[in-house]
Amino acid sequence: MLSILIPTYNYNIHSLVLELHKQCTNCKIEFEIISLDDHSKESQVENQKINSITNCSFEILDKNIGRSAIRNLLARKAIYTNLLFLDADTFPVNNSFISDYLKHINTEEKIVYGGILYKKEKPAKNQLLRWFYGKSREALSVEDRNTNPYLSFLTLNFLIKKSIIEKVSFNESLPNLRHEDTLFSYNLKQKEIKISHIQNPVYHLGLDEFEVAIQKESDSIIALKYLIDNKLLPPDYVRLSRIFTKLKRLNIVFVFSYFYKITRLLFLKNLSSKNPSLFIFDLYRLGYLCMLENK
């Protein structure tokens, strides 16, 4: 009935699998939990214990294939028609997590997205940027998500029919950077596949430290530019590229590029502080995109 699919890389998911297994067992359903490790080096000993749990498997890939390819591979390995994708660094908020998803399984071809939350307690200072950003921009209510159902969709906690992912798979031709979920949501929109938003969240536990968060954001902006330049994504699909496109029309990208170069260190000082400004973060991201254009 249900295949739970977890791509992982350098992350211990043993406790996550135990919780999901307990909930599925309590629901008395047919299920499997499959995890593939994308050729990482850490947490292998703990994760190997998953193979001793009934209906569960853990496998380390021979080489790194990237975020898109590993999700497609998990879908192909699944034996059931209903697929629940979870990121490795998540954990169900409620003990009714599986049963709440089961209520939405029917014959309709749609995606069901349960949402994300962040713990209320502030993390260490070097994780604050990611925590503030996640709470403000990702941990949205169902009402807020429904105002833009495709862009509000994140691939860390969603239910999908196997038949859908056979029609709209993750694009494996992309460089292994970021925004594969953005492109996936756009392709779903093009195919008019419905995304249903519900309140069935997971906690996002894997908060990146500041240096990692900034590097990932740089990768994300490079990926966004790649998608737009290669006409895989329209420039007005996401807010950042929509603003960037207006700057291009006004022929002032070079101004923002110069502004970024002279303010970059000041911006980074704020973003690594105890009270990072998301407005400054947005300016930093826009400036970096303009700088890439002016290279």
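Here is how the numbers come out for the structure above:
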| read-out | value |
| --- | --- |
| Any hit, segment 190-209, residues being assigned to a helix (DSSP H, G or I) and among the charged types (D, E, K, R) | no |
| Some residue of segment 180-192 being modelled with pLDDT under 90 and under 16 Å from the mean Cα position of the chain (by Cα) | yes |
| Yes/no for TYR284 being at pLDDT 95 or above, crowded, with 17+ Cβ neighbours inside 10 Å, part of a helix (DSSP H, G or I) and hydroxyl-bearing (Ser, Thr, Tyr) | yes |
| Residue in segment 167-175 that is without any contact (Cβ under 8 Å) to a residue 24 or more places away in the chain, among the basic types (Lys, Arg) and open to solvent by 20 Å² or more (accessible area, probe 1.4 Å) present | no |
| From the options LEU268, LEU247, LEU232, residue that is out of contact with any His (no Cβ under 6 Å at 6 or more places or on another chain), part of a loop (DSSP other than H, G, I, E, B) and modelled with pLDDT of 90 or more | LEU232 |
| Hits in segment 78-103 - residues which are closer than 14 Å to LEU5 by Cα, polar (S, T, N, Q) and either in contact with a Pro (Cβ under 9 Å, 6 or more places away or on another chain) or crowded, with 16+ Cβ neighbours inside 10 Å (or both) | ASN82, THR90 |
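The values are calculated or read from the model by the stated rules, or taken from the named source; none is laboratory data. Treat the numbers as computed from the prediction; the structure is a model and nothing was measured. Positions of Cβ are generated from backbone atoms using ideal geometry, with glycine treated the same way; all protein chains shown enter the neighbour counts. Areas reflect the complete protein model, heavy atoms only, side chains present, ligands, DNA and RNA absent. Shrake-Rupley method; radii C 1.70, N 1.55, O 1.52, S 1.80 Å.
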